[in-house]
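Readers should treat all values here as calculations from the given coordinates under stated rules, not as data from a laboratory. The structure displayed is predicted, hence computed values, not measured ones. Here the Cβ positions follow ideal geometry from the backbone for every residue, glycine too, while neighbour counts run over all protein chains shown.
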Amino acid sequence: MRTESSNSLNLERSMNLQCHIMTFEEALRNAKVIDNLDDNRRKKMFGLMKWLEDMNINFNKKLDIILQMNDLKDLKFKLEKLKLEQLSFQEKFKEKFELIKSDELYYEELDDELREYLINYAIKCREELKIENSKIETKLILENKKCKK
């Protein structure tokens, strides 16, 4: 069995640390990708809410016009048309809302999983580093002891 010097142990530890840091860096880059996707989802939600507001204003304007009508036949026709427009809008709105909600839940799950991974990886790295440091400290103490004799 080959004995390792404290310098080679230090070099190995340094390389392992660099590898761990690169893993954290990659996970954080991935977190940024998830965050960008979630930002786009949020913009879609804001757009959807603006569409809802605009359509409600539109429906209310049409309703105001209908309320001023006197002819019952025209009144009924316009009310039925408005009802169909509202139902059509509500269906489209619900579809888009469900898609955006699904995206939100998916991105939140990815974010939670990544955060959990990073927490567990940090704990693992800390434990490995304690073990590696103890090995190096032991080696240094033994080498210093030999040099003093």
task: Only residues that are more than 32 Å from the chain's Cα centre (by Cα) and either polar (S, T, N, Q) or closer than 20 Å to D39 by Cβ (or both): list them for region 105-140, please.
output: N133, S134, T138
message: Contact list please: Cβ distance under 8 Å, first residue in region 39-61 and farther than 16 Å from S102 by Cβ, second residue of a type in the set (A, V, I, L, M) and surrounded by 12 or more Cβ atoms within 10 Å (Cβ to Cβ), pairs at least six apart or on different chains.
response: F59/L82
message: K73 - would you say it is closer than 30 Å to E109 by Cβ, part of a helix (DSSP H, G or I) and not polar (S, T, N, Q)?
response: no
message: Which of the numbered conditions does N40 fail, given that it passes all the others? Conditions: (1) assigned to a helix (DSSP H, G or I); (2) more than 30 Å from D111 (Cα to Cα); (3) polar (S, T, N, Q).
response: (2)
